[in-house]
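The values are calculated or read from the model by the stated rules, or taken from the named source; none is laboratory data. Bear in mind that the values here come from a model prediction, so they are computed numbers and not experimental data. For neighbour counting, all protein chains shown are included, and Cβ atoms are generated from backbone atoms with ideal geometry for every residue, glycine included. For the accessible areas, the whole protein counts, side chains as well, though only heavy atoms, and no ligand, DNA or RNA atoms are used. Shrake-Rupley method; radii C 1.70, N 1.55, O 1.52, S 1.80 Å.
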Amino acid sequence: MQPVSQPSQDPRGFLEALFAAAVARADPMQVIAAQLPPRPEGRLVVIGAGKASARMAEAVEAVYGPCEGLVLTRYGYARPCEGIEIVEAAHPVPDRAGLEATTRLLDLLSGLGPEDHVLALISGGGSALLCAPVEGLTLEDKQAVNAALLASGAPISAMNVVRKQFSRVKGGRLGAACAPARLLNLIISDVPGDDPSEIASGPTVGDTSTPEQALEIIERWSIDVPEAARAVLARGGANGADRVAPNDPRLARSETRIVAAPAQSLEAAAEIARAMGCEVRMLGDALEGEARELAVAQAITAREIADGLAPGAAPVLLLSGGECTVTRRGKGRGGPNAEFVLAAAIELNGDPRIHLLACDTDGVDGADEVAGAYAGPSTSLGEQAEQALRDNDAHGYFGRIGGQVVTGPTLTNVNDFRAFLVFPPA
């Protein structure tokens, strides 16, 4: 872990070190080994999908040695494995590489018997990587659906309800394909509430969502999906072909464990902050909503706290996690974390007592190779910042003024990390 600066001497360095600590707490190499049972006798097949899946596979082989299997991850997130094949594909909008790899994954699972074992390594990002459209949909249809969902501002839980209705693997169908083998799911959570059925759209756990719910979400959020997708919903969605409920007998021999979650990563940052003399206040690890709206609310809270601090008081660190969304109105480059920082900075208007950082723990905020952004009292604001917010161009704006936080692939994913550092008056 990087050295931790004193909060008062280097606020940005301090906040970036806390973010690094949050990421490190969720490193699969640190959390997988403790969750692995002894290597089972007989055939073991390792499967997986997500931004952390290749690192998870690497961690499995560090314990078990070379294994048979196939894991999908985002371009640039591959890790060296001896036996498990790592395939890279596109995220957040699926591509043909993901489609072909998902087909191969299903083929790998066919013909397993009751004496066989499957280890599933699932993390955020798996929804796009596991691409197997139901009958009647093409890859291009799936790409259009994903793009429309990402621009809609709908929360991740709603997006996943829609995605499940158009997939042959989401909503428990990948888990059902493992039967009658025994299945162990190791999952890194990137969703508010840590519900396994929402992480990567729950490919290996049972589902209760319906086509009617998906259609309601499409109408509520004005999501422009292809007519072919509406036709799938009209005939009952993926559930019409093969619903996998939580009590489905094909999942009777499965077990699910959450191995890393947002709350643990926030606490890792909090531990360091307390050791450095800060008072830590947790705002929640499962916050959702429009990024700019949540930003303004938290900025107001930070300012109120600053107003109540006496000279000489300890700095206050406000921490929160969850997953913000952005309703795309402009044509700029941005993600929910950078947009959060931009909106909060505009609200704070250079308040000399407050610094803030928001980043995605996977190192990718939106679709850009940028984790998020930092802003402080000296961050340039004015009309250019407000125009950038209107254009959803937070990445472009912070790139011009040196406020971007760029980490490269972190090889894990426990969602957003947001922090306000509030100082007392000088």
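Numbers below:
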item: Count - residues of the stretch 1-57 that are part of a strand (DSSP E or B) and either without any contact (Cβ under 8 Å) to a residue 60 or more places away in the chain or not aliphatic (A, V, I, L, M) (or both); result: 1
item: From L389, L342, L411, residue being closer than 24 Å to A147 by Cα, open to solvent by 10 Å² or more (accessible area, probe 1.4 Å) and either assigned to a helix (DSSP H, G or I) or among the β-branched types (V, I, T) (or both); result: L389
item: Subset tally (residues that are at pLDDT 95 or above, closer than 24 Å to N160 by Cα and open to solvent by 40 Å² or more (accessible area, probe 1.4 Å)) for the stretch 77-97; result: 2
item: Condition broken by A120, with the remaining ones in (1) touching a residue at least 24 places away in the same chain (Cβ under 8 Å); (2) open to solvent by 20 Å² or more (accessible area, probe 1.4 Å) satisfied; result: (2)
item: Any hit, the stretch 358-371, residues being polar (S, T, N, Q), part of a loop (DSSP other than H, G, I, E, B) and within 27 Å of A26 (Cα to Cα); result: yes
item: Helices (runs of 4 or more DSSP H) enclosed by the stretch 73-186 - at least 3 residues per element that are at negative phi and either out of contact with any strand residue (DSSP E or B) (no Cβ under 6 Å at 6 or more places or on another chain) or of a type in the set (S, T, Y) (or both); result: 96-109, 139-152, 156-164, 173-178
item: Hits in the stretch 227-256 (condition: open to solvent by 30 Å² or more (accessible area, probe 1.4 Å), within 22 Å of A144 (Cα to Cα) and not in a helix (DSSP H, G or I)); result: R235
item: Given (1) surrounded by 21 or more Cβ atoms within 10 Å (Cβ to Cβ); (2) over 21 Å from the mean Cα position of the chain (by Cα), number of the condition A419 does not satisfy; result: (2)
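Each row is one residue, and each column tells you yes or no for (1) buried (at least 18 other Cβ atoms within 10 Å of the Cβ); (2) over 24 Å from V364 (Cβ atoms).
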{"position": "V4", "(1), (2)": "yes, yes"}
{"position": "R12", "(1), (2)": "no, no"}
{"position": "R39", "(1), (2)": "no, yes"}
{"position": "K51", "(1), (2)": "yes, no"}
